[in-house]
Amino acid sequence: MPVLPTRRGTFVTTLALALLLGTAASLTACTGSDPADRGAGRGGADGGGKGATHTVETAMGDVKVPAAPRRVVVLDTAELDSAVTLGVKPVGATRAGAAHSFLPYLPKSLTAGITEVGEIANPDLEKIAGLHPDLILSSKVRDGRRYPQLSAIAPTVLTESTGYPWKQNFRTHAAALGRTDRADKAIAAYEARTKAVTKALGGRAKAAATEVNVVRFVEGADIRIYGKQNYIGTLLADVGLGRPAVTDKAADGFSYDVSPEQIDKADADVIFTSTYGNPGRAKVTRTTTSGLWRGLRAVRDDRVFPVDDELWIQGIGYTAAGQILSELQSDLTG
């Protein structure tokens, strides 16, 4: 049974996102900050007028940033999701991949006008400097070695890593942007949504009894069975879904990697699949036409759901989460 094409056009609408998160409608090219949020970083604030600053705790130590940054550059997909969730349109962002400048789960109306500043983990420093930013957001794992050059351009806030600590990172982004009140609202909306999905699945006990695997086909690499310490793993946990024992074998909690000849280890009640890169070179057909694949419970029960890799795996943030939860509920209750 081959994997079906990933779904397009099934995400919640921009209006629904705005209602869910209460932020998208306020995006502007100049970021600014709500008066109630100014000086709301995790540290001291120097007044609230023009030129005011506040201190943010980062992976590189305390950093003093503008109380109301207006020209923000983001250097990864999680930082872009955070900015959009908080009602901020950056002036610059790194390119997400070869196919798209910015991940397509974000409506074009929210990313139009953002200047590309190179690839993720390989930003164009000259281009960034040319945008005259007053704040740069990234992570140590992506741009730690470039921190001296970036911080010479503008105050630079780096989280330690990306993916699994996305909720903590979002708080740091919100502090840097002076939008902690908006962050509280986005978090509350997400928590309410996860509870609603759990209820739609029949409650915590029934959700926990449904074992779910996320399988990612990766060009030029082994197949990944995602563990619990990654972005998508946190969403499944928040809904209360069960995870097969194989997820406990994931290296550093991230993924348990297998060859097509070991795909039987992905056995579960439900399997969500995504593909990164060229499907042929990611071994999609070779795997999904095998007897081992056809023997999986989810395949036999027609409970394999192809999903968009750019949303489920690469998005990382509350705006992505809102759309993933909608798909999750639709697939598991349909």
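Laboratory data are not the source of any read-out in this text; all were calculated from the coordinates shown. All values derive from a computational prediction rather than experimental measurement. Glycine gets a Cβ as well: all are built from the backbone with ideal geometry, and neighbour counts include every protein chain shown.
Dividing the convex hull volume of the alpha-carbon atoms in region 182-334 by its residue count gives 103 Å³ per residue. The phi torsions of region 168-182, fed into the Karplus equation with coefficients 6.51, -1.76 and 1.60 and a -60° offset, translate into couplings of 4, 4, 4, 4, 5, 4, 5, 4, 5, 7, x, 10, 5, 5, 5 Hz, rounded to whole numbers, with Gly and Pro shown as x.
Per residue, how much space in cubic angstrom lies within the convex hull of the C-alpha atoms of region 258-334?
92
Taking amide H positions as modeled 1.01 Å from N, with prolines and chain starts lacking one, the residues under 5 Å from residue 118 and 5 or more places away or on another chain are 95, 124. Here the spin labels are modelled as points 7 Å beyond Cα on the Cα-Cβ line, and at residue 264 and residue 145 they lie 4.3 nm apart. Across the cross-link table entries 199/249; 89/167; 89/185; 195/228; 108/195, which are compared at the Cα atoms, the separations over 22 Å belong to 199/249; 108/195. Distance between the 7 Å Cα→Cβ label points at residue 301 and residue 64: 5.9 nm. The distance from the alpha carbon centre of region 92-131 to that of region 166-197 is 23 Å, rounded to a whole number.
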